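Note sheet for the following structure.
The values are calculated or read from the model by the stated rules, or taken from the named source; none is laboratory data. Here the structure is a predicted model, which means the values were calculated and not measured. Cβ sites come from the backbone with ideal geometry, for glycine too, and all protein chains shown count toward neighbours. Please note that ligands, DNA and RNA were not included when accessible areas were found on the heavy atoms of the full protein model with its side chains. Shrake-Rupley method; radii C 1.70, N 1.55, O 1.52, S 1.80 Å.
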Amino acid sequence: MSAIAADPDAPGTDRLPVLSPMLQRLAAERATGALMRDRGTLYLADGQVVHAESPATPGIDVLLTTGGTLRHEGWWDAVAQAGAGRRVGRYLVDSGHVPGGALELCHLGALYDAAFFALAPTGTPARFRYGVAHWIGPVRPVPVAAVERETLRRREFLDRIWPDPACDSAPLLRTVHGTDASVPARQRRLLELIDGVRTASDIAQALGRSAFHILVDLRRLAAAGLVEAVRAQPLPAAATPGRITLPEVTADPDIALLRRLRDALEAL
């Protein structure tokens, strides 16, 4: 029996926002290849998402090895033996390095994590390379609709916790209240890594945890007033017209240059 497609414009039909028209078109075409976006790459096979990567998230290798599921030696053995054939995932299971269920769960976690960032709004055009396959190989394909639905659910969940996304990408600072706050051990580890330089992605890489789960904890800490994003400093005001700034006089020109560089950096 043939299925009847629902009319997306019919009354009562719930329509989700379109995250990537190109991705939906590729799914309809049952395309195979790599969709490269500003913040990550989605790998498709027959129109389904089979893997995803983003510089904002730890890769599946980090998630497997940091969590203790796989030893580093086992990972590199799999890459050496099966990377060229794009069957690393299958090799990990067949060689006994990782149970099949554990690999599938970790792979799905890495896929949804990276897809969340890869599908973030951007003004940069996406590109698709037909025929490209990832070296992890087939694990468990996920329909494009499921990936988009989960991405939207995560966005809404973060906004319910704290609607300001500044902590998602900027360097982070502990507030005065965050220095001695009583928080769960998991969040305490985050606070210990917040130094005014690290971002959420840096913390996720350091801890080997899902970057999205790091965002959840950071938004909760921000809602509690314990952390805040480092705000970009405004550019220094232009010199008053007609006012002449005389260079600093010194006997050593190198020292004068260093002082001017110091002043310029402090003004940023």
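Observations on the model:
- Being in contact with a helix residue (DSSP H, G or I) (Cβ under 6 Å, 6 or more places away or on another chain) and either among the hydroxyl-bearing types (Ser, Thr, Tyr) or closer than 11 Å to Gly137 by Cβ (or both) is a description that does not apply to Val98.
- Pairs, first among the β-branched types (Val, Ile, Thr) in the range 92-118, second surrounded by fewer than 20 Cβ atoms within 10 Å (Cβ to Cβ) and not in a loop (DSSP other than H, G, I, E, B), C-beta under 6 Å, six or more apart: Val93/Gly100
- Within the range 20-35, the only residue that satisfies the criterion of being surrounded by fewer than 18 Cβ atoms within 10 Å (Cβ to Cβ) and assigned to a strand (DSSP E or B) is Gly33.
- Residues in the range 184-218 that are acidic (Asp, Glu) and open to solvent by 10 Å² or more (accessible area, probe 1.4 Å) were compared, and the one that is farthest from Ala229 (Cα to Cα) is Glu192.
- Flag if Gly47 is open to solvent by less than 10 Å² (accessible area, probe 1.4 Å) and out of contact with any Asp or Glu (no Cβ under 6 Å at 6 or more places or on another chain): yes
- Filter pass, Asp14 being among the charged types (D, E, K, R) and at pLDDT 90 or above: no
- When the residues of the range 128-156 are filtered to those that are modelled with pLDDT of 95 or more and among the charged types (D, E, K, R), the one that is surrounded by the fewest Cβ atoms within 10 Å (Cβ to Cβ) is Glu156.
- Search result, residues across the range 157-183 that are open to solvent by 80 Å² or more (accessible area, probe 1.4 Å) and hydrophobic (A, V, I, L, M, F, W, C): Trp162, Val176
- All positions within the range 63-85 that are under 25 Å from Ala200 (Cα atoms) and in contact with a helix residue (DSSP H, G or I) (Cβ under 7 Å, 6 or more places away or on another chain): Leu63, Leu64, Thr65, Thr69, Leu70, His72
- Residue within the range 119-127 that is buried (at least 21 other Cβ atoms within 10 Å of the Cβ), touching a residue at least 24 places away in the same chain (Cβ under 8 Å) and in contact with a helix residue (DSSP H, G or I) (Cβ under 8 Å, 6 or more places away or on another chain) present: yes
- Flag for Asp9 being out of contact with any helix residue (DSSP H, G or I) (no Cβ under 6 Å at 6 or more places or on another chain), among the charged types (D, E, K, R) and at pLDDT 95 or above: no
- Where Arg209 falls short, out of the listed (1) in a helix (DSSP H, G or I); (2) not assigned by the TED database to the domain that holds Gly109: (1)
- With respect to the conditions (1) in a loop (DSSP other than H, G, I, E, B); (2) touching a residue at least 60 places away in the same chain (Cβ under 8 Å), Val197 lacks only one, and its number is (2).
- Any hit, the range 167-174, residues being in the same structural domain as Arg198 (by the TED database), in a helix (DSSP H, G or I) and closer than 17 Å to Ala222 by Cβ: yes
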